[in-house]
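**Q** Attaching a single structure in C-alpha cells format; questions to follow.
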Amino acid sequence: MNFTKIHSLGNDFLIIDEGETPGLKEKEALARHICARHTGVGADGLLLISIQDKKKSLVNFRIFNADGTEPEVSGNGLRCAATYLYHSKKIESPRIMFSTSVGSRECEFIERKNNQFKLKIEMGVPGFRSQDIPFDDGRSHEKILDYPLSIGQKVFPITLVSIGNPHCDIFFDRFPARIEWHQLGYEIEFHPFFPKRINIEFIRVLNRSEIEVLFWERGVGETLSSGSGSCAAAVASILKNLTDRKVNVKTSMGNLDVEWGEEKVYQTGPAQVVFQGEYLTF
C-alpha cells in the first residue's frame, strides 16, 4: 500500500490515494495502525483522497485521527492533501475543490519551493450556536462567549466556534505549564457537555494582528499546529474584539495567516512533502 507523508508546521499526515488502492476496508483500524509512532509509520492522522473529476479538479477528502476516529474536516489536512496532488502532478489546476463531510472546501495554489508548497484554503462560514458545535448543557445558545466551564475546582471562560468541526477556545495572559494544559485539554475534550468531544485552543493575544496558540486535538492530543484550530482561535479573538479580522497565528513550528471576510474564513500556510513509501503490515 503506497503512502506519502506530508506535514504542515509539524502537524503530520499520511496520504493514501484510494484510486490507487481499490477495495480499501477497515479504514479506522488502518488509521490506528499506520499512524502509530512506534509500530507504524507515525502521524497525527490519515488522509484518504480520490479524484472524482480531474478536469474540474474535484477531489473527495476523508480524514481519520490517529485513534481511528473520523473528524469532519482539517485545515492542515486539506493543505497536505493539495500538496500531495500537486507534488505527484495528479492535479495541475491552481485551484482544487475538495468534497468533505461538511461541504466543499476550495484550495488555491500560491507558490512552491522544492518540496514545500504554500496554499490558501477556504474554511467555510463559522458556526456559533450550541447545535453547531455541538454543546449541550441543557439549554439552547445562539452564541457561546466566555461561558463559565467548571473543570475540577476551577472555572474557565470558554468561547466555542465550529469550523465544520468543533473548537473550544481559552485565553491566557501566560500559558500554563505543559502538563497542566495537557490535563486541561484532556478533561475538556471528554467533558459531558460535548457529545462529540472537542478540539481545544489555548490562546495568548500578542497584539491586534497576532496571537500565539497551543493545540489539543480531539483524538490525537497535543499537535504542533492546526489549521482549523488556528481559524477557530482567530475567529474567537475577533469575536471578543481582541484582534482585527486578519490574524497571524503563531504555532509551535511557524505561522499561519487567517482572515475572516464578510462570511467565510480563509487560512494560508505551508505544507511540505517528507517521504513516500510502501506500508506492508496491515
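Each row is one residue, and each column tells you yes or no for (1) under 13 Å from the mean Cα position of the chain (by Cα); (2) surrounded by 18 or more Cβ atoms within 10 Å (Cβ to Cβ); (3) at pLDDT below 95; (4) part of a strand (DSSP E or B).
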site: TRP181; (1), (2), (3), (4): no, yes, no, no
site: LEU184; (1), (2), (3), (4): no, yes, no, no
site: PRO192; (1), (2), (3), (4): no, no, no, no
site: LYS196; (1), (2), (3), (4): no, no, no, no
site: ILE203; (1), (2), (3), (4): no, yes, no, yes
site: GLU222; (1), (2), (3), (4): yes, no, no, yes
site: SER230; (1), (2), (3), (4): yes, yes, no, no
site: ALA234; (1), (2), (3), (4): no, yes, no, no
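**Q** Right, something else. Please verify whether PRO166 is over 17 Å from the mean Cα position of the chain (by Cα) and either under 18 Å from ALA232 (Cα atoms) or surrounded by fewer than 18 Cβ atoms within 10 Å (Cβ to Cβ) (or both), treating the condition exactly as stated.
**A** No; evaluated as a whole, the condition is false for this residue.
**Q** With LEU14, LEU58, LEU30 as the choices, which residue is of a type outside the set (Ser, Thr, Tyr) and under 26 Å from GLY127 (Cα atoms)?
**A** Working: LEU14 fails: under 26 Å from GLY127 (Cα atoms); LEU30 fails: under 26 Å from GLY127 (Cα atoms).
Criteria check complete, one pass: LEU58.
**Q** Quick check: anything in region 83-101 within 18 Å of LYS264 (Cβ to Cβ), under 15 Å from the mean Cα position of the chain (by Cα) and among the aliphatic types (A, V, I, L, M)?
**A** No, region 83-101 contains no residue that is within 18 Å of LYS264 (Cβ to Cβ), under 15 Å from the mean Cα position of the chain (by Cα) and among the aliphatic types (A, V, I, L, M).
**Q** May I ask you to say which residue of SER225, SER237 is among the small types (Gly, Ala, Ser), out of contact with any His (no Cβ under 7 Å at 6 or more places or on another chain) and closer than 15 Å to GLY75 by Cβ?
**A** SER225
**Q** Just name the residue that is nearest to ASP12 (Cα to Cα) out of those in region 236-249 that are surrounded by fewer than 24 Cβ atoms within 10 Å (Cβ to Cβ) and in contact (Cβ under 8 Å) with a residue 12 or more places away in the chain. Spell out how you get there, then give the answer.
**A** Taking region 236-249 and keeping what is surrounded by fewer than 24 Cβ atoms within 10 Å (Cβ to Cβ), we get 238-242, 244-246, 248.
Now narrow it down to the ones that are in contact (Cβ under 8 Å) with a residue 12 or more places away in the chain: 238-240, 242, 244-246, 248.
On the way: ILE238: 28, LEU239: 30, LYS240: 31, LEU242: 30, ASP244: 30, ARG245: 28, LYS246: 26, ASN248: 21 Å.
Within region 236-249, the match that is nearest to ASP12 (Cα to Cα) is ASN248.
The values are calculated or read from the model by the stated rules, or taken from the named source; none is laboratory data. It should be emphasised that the depicted structure is a prediction, and the values quoted were computed from it without experimental measurement. Ideal geometry is used to build each Cβ from the backbone, glycine not excepted, and the neighbour counts take in all protein chains shown.
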